[in-house]
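Everything below concerns the one structure shown next.
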Amino acid sequence: MAVGVKGFGGTETYSRTSTTSYAQQPIFFTTGATTTSAAVYCYKNAGSSAGYCDDYTLLRLA
C-alpha cells in the first residue's frame with residue numbers, strides 16, 4: 001500500500017507500508033506559489049490481498 005500526493009507544484013511524495021492493520025501515515029508537502037490543488041491518493045499493488053484507505057485529514061501547517 002502507498003499513500004501519496006502529487007500535482008501540487010512540487011515533487012510527488014508518498015509513504016509505503018506493508019502493515020495489515022490501520023496505521024497513520026503522515027505525508028508533508030508544500031504547494032507551489034500558484035498551485036491551489038493537490039491529488040491525494042491511495043494505491044494498492046497487484047495481488048489478492050485487500051487494501052484499504054480512509055479518514056484522510058488535510059492540515060495547514062504555518
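The values are calculated or read from the model by the stated rules, or taken from the named source; none is laboratory data. It should be emphasised that the depicted structure is a prediction, and the values quoted were computed from it without experimental measurement. All Cβ positions, even for glycine, are placed from backbone atoms using ideal geometry, and neighbour counts span all protein chains on display. These area figures cover heavy atoms from the full protein model, side chains too; ligands, DNA and RNA do not enter into them. Shrake-Rupley method; radii C 1.70, N 1.55, O 1.52, S 1.80 Å.
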(request) Of the conditions (1) surrounded by 10 or more Cβ atoms within 10 Å (Cβ to Cβ); (2) among the hydroxyl-bearing types (Ser, Thr, Tyr); (3) within 10 Å of the chain's Cα centre (by Cα), TYR56 clears all except one; give me its number. (result) (1)
(message) With the requirement that a residue be of a type outside the set (Val, Ile, Thr), out of contact with any strand residue (DSSP E or B) (no Cβ under 6 Å at 6 or more places or on another chain) and over 14 Å from THR19 (Cα atoms), what does segment 34-53 give you?
(response) SER37, ALA46, GLY47, SER48
(request) Restricting attention to segment 2-22, report how many residues are open to solvent by less than 50 Å² (accessible area, probe 1.4 Å) and assigned to a loop (DSSP other than H, G, I, E, B). (result) 3
(request) Please go through segment 23-51 and pick out each residue that is within 15 Å of VAL3 (Cβ to Cβ), part of a loop (DSSP other than H, G, I, E, B), in contact (Cβ under 8 Å) with a residue 24 or more places away in the chain and open to solvent by 100 Å² or more (accessible area, probe 1.4 Å). (result) PHE28
